[in-house]
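The values are calculated or read from the model by the stated rules, or taken from the named source; none is laboratory data. Everything numeric here is computed off the predicted structure, so don't read it as measured data. A quick note on method: Cβ atoms are made from the backbone with ideal geometry, for glycine too, and the neighbour counts reach across all protein chains shown. Surface areas here come from the heavy atoms of the whole protein model, side chains and all, with no ligands, DNA or RNA. Shrake-Rupley method; radii C 1.70, N 1.55, O 1.52, S 1.80 Å.
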Amino acid sequence: PLYAFRAFLGLGTSWLSREIVGFSIFAALATAAAASFFVPSLRPWSAPLELAAAAAGVAAIACSVMVYAATRRECWRAPATSLRFFATAFVLGAATVMLGATSPPLARALAVVAALELGYEAALFRHLGRRQHTALKRTAILMKGDLAAVTAARFACGLVGGVLLPALVGCGYAGGRGVAVAIFALTLLGQLGERWLFFTAATAPKMPGGPG
């Protein structure tokens, strides 16, 4: 806390500083929005606070994306990282909301977004067939080889908790507290696996003149 002010010093040049400030603002606004449900004087500000918190959250996630995109690693390009980070936010947010109330439209949206995210991750394996040993091919090799157990768990949790169960809820074939808890638990485990692979399977470009 003594040196927290340093986060503001790099706002003009550092995405990490912007991320820190962005999530700090989000946390403050989200706390105020939650408090508005319990503090009578804040109730008229409930909707504006919720919108402000959502906007701050989106901006903070965008800063997180740029923290990794700025490294110029092929597997951390801005479009791909944006898909993964915003999908995580939506999937876990929707699963959390569904713990409180069953919502077929939200369940269908959750299934669609989770399927898109898993589809992108599965598409990485197409690089295995390429002749060139690119950064994305090395990532796919790691996911298929040394990280195969985590990759399998990530896809299993994502498919069941993020796609199959929400699709059943969305079509009216399932529901109830138990299903909602299962969706939340499986999507949480799946997203933890996804983020672990995001860091662990990332390969840095080789230095010029370095060993082959």
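If you check G145, G158, G170 for being small (G, A, S), out of contact with any Lys or Arg (no Cβ under 7 Å at 6 or more places or on another chain) and closer than 26 Å to P105 by Cβ, only one passes: G158. Among the listed residues A109, A94, A62, identify the single one that is surrounded by 16 or more Cβ atoms within 10 Å (Cβ to Cβ), under 30 Å from T13 (Cβ atoms) and either more than 17 Å from the chain's Cα centre (by Cα) or among the hydrophobic types (A, V, I, L, M, F, W, C) (or both). Among A109, A94, A62, only A62 is surrounded by 16 or more Cβ atoms within 10 Å (Cβ to Cβ), under 30 Å from T13 (Cβ atoms) and either more than 17 Å from the chain's Cα centre (by Cα) or among the hydrophobic types (A, V, I, L, M, F, W, C) (or both). When restricted to residues that are within 18 Å of R18 (Cβ to Cβ) and either of a type in the set (S, T, Y) or in contact (Cβ under 8 Å) with a residue 24 or more places away in the chain (or both), region 31-57 contains 3. For region 150-183, the tally of residues that are open to solvent by 60 Å² or more (accessible area, probe 1.4 Å) and of a type in the set (F, W, Y) stands at 1.
Of everything in region 65-79 that is at pLDDT below 90 and over 21 Å from I20 (Cβ atoms), the residue that is nearest to the chain's Cα centre (by Cα) is C75. Take F8 and tell me if it is over 29 Å from L197 (Cβ atoms) and assigned to a helix (DSSP H, G or I). Spelling it out, F8 is indeed over 29 Å from L197 (Cβ atoms) and assigned to a helix (DSSP H, G or I).
Looking at G129, G162, can you tell me which residue is within 27 Å of V65 (Cα to Cα) and either free of Cβ contacts under 8 Å to residues at least 40 places away in the same chain or under 16 Å from the mean Cα position of the chain (by Cα) (or both)?
Within the list G129, G162, the selection yields G162.
Could you go through region 124-134 and let me know if any residue there is under 30 Å from A107 (Cα atoms), open to solvent by less than 40 Å² (accessible area, probe 1.4 Å) and in contact with a Leu (Cβ under 9 Å, 6 or more places away or on another chain). Within region 124-134, one or more residues are under 30 Å from A107 (Cα atoms), open to solvent by less than 40 Å² (accessible area, probe 1.4 Å) and in contact with a Leu (Cβ under 9 Å, 6 or more places away or on another chain).
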